[in-house]
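Undergrad: Sending over a structure as structure tokens; questions will come in a sec.
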Amino acid sequence: MRFVSRLGVMAAVAAISAAAISQNAGTPAKSADEAKKAIEARQQVFKDMKKANDVMSAMLKNQREFDPALVATSAAQIQELSGKIPGAHVVDTRQFPDIKTAARENIWASLADFKAKSEETARAAANVVAVANGGEKGATFKAIGAMGKSCGA
């Protein structure tokens, strides 16, 4: 049931994302319940990204053997998830400060800029996939670092 609920929230967020991003403004949450669901949906995207990134991070720290195929798979997941970030932030939850969130205020000041940064992360992740498919450890690690910088933006 919880999975179905998440899918419903993500579908609703996606339905309004294009319009809100084109208007360069978020759609204010109408209730605390809507804000909570929107926050949970976007937090899930970032949890999934962290999970994919942790695999590569362990390789960078020599805690796991370098596996270019696994890097490519993880980076492809990050690429896909990066595309979901802007849509997951369309619902502006700032008017419900009692609901815990780590979202920065400036996200809703310019959703178009936020979308552009998410797209840059997706491009950087696609580059990691391409470089990892070449199998060269040093180049792959360099590409992972560049992806990390774009993601941090």
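The values are calculated or read from the model by the stated rules, or taken from the named source; none is laboratory data. All of these numbers come straight from a predicted model, not from anything done at the bench. Cβ atoms come from the backbone with ideal geometry, glycine included; neighbour counts cover every protein chain shown. When the accessible area is computed, the model is the full protein with side chains, heavy atoms only, and any ligands, DNA or RNA have been set aside. Shrake-Rupley method; radii C 1.70, N 1.55, O 1.52, S 1.80 Å.
Undergrad: What do you reckon, is V71 of a type in the set (V, I, T), surrounded by 20 or more Cβ atoms within 10 Å (Cβ to Cβ) and within 15 Å of A132 (Cβ to Cβ)?
TA: Yes.
Undergrad: If you don't mind, another one. Tell me, which helices (runs of 4 or more DSSP H) wholly within segment 32-105 include 2 or more residues that are over 29 Å from G145 (Cβ atoms)?
TA: It comes to 32-60.
Undergrad: Is segment 121-132 home to any residue that is closer than 22 Å to E34 by Cβ, of a type outside the set (V, I, T), part of a helix (DSSP H, G or I) and touching a Gly at 6+ places or on another chain (Cβ under 7 Å)? Show your work before the answer.
TA: Going through segment 121-132, the residues closer than 22 Å to E34 by Cβ turn out to be none.
Within segment 121-132, none of the residues are closer than 22 Å to E34 by Cβ, of a type outside the set (V, I, T), part of a helix (DSSP H, G or I) and touching a Gly at 6+ places or on another chain (Cβ under 7 Å).
Undergrad: Quick test for you: out of L70, L81, pick the one residue that is of a type in the set (A, V, I, L, M), at negative phi and without any contact (Cβ under 8 Å) to a residue 24 or more places away in the chain.
TA: On the way: L81 fails: without any contact (Cβ under 8 Å) to a residue 24 or more places away in the chain.
Being of a type in the set (A, V, I, L, M), at negative phi and without any contact (Cβ under 8 Å) to a residue 24 or more places away in the chain holds for just one of L70, L81, which is L70.
Undergrad: Which count do you get for residues in segment 143-153 that are open to solvent by 40 Å² or more (accessible area, probe 1.4 Å) and either closer than 15 Å to M59 by Cα or in contact (Cβ under 8 Å) with a residue 40 or more places away in the chain (or both)?
TA: 2
Undergrad: What is the residue count in segment 94-142 for residues that are without any contact (Cβ under 8 Å) to a residue 24 or more places away in the chain, more than 20 Å from V45 (Cα to Cα) and open to solvent by less than 70 Å² (accessible area, probe 1.4 Å)?
TA: Adding up the residues that qualify gives 4.
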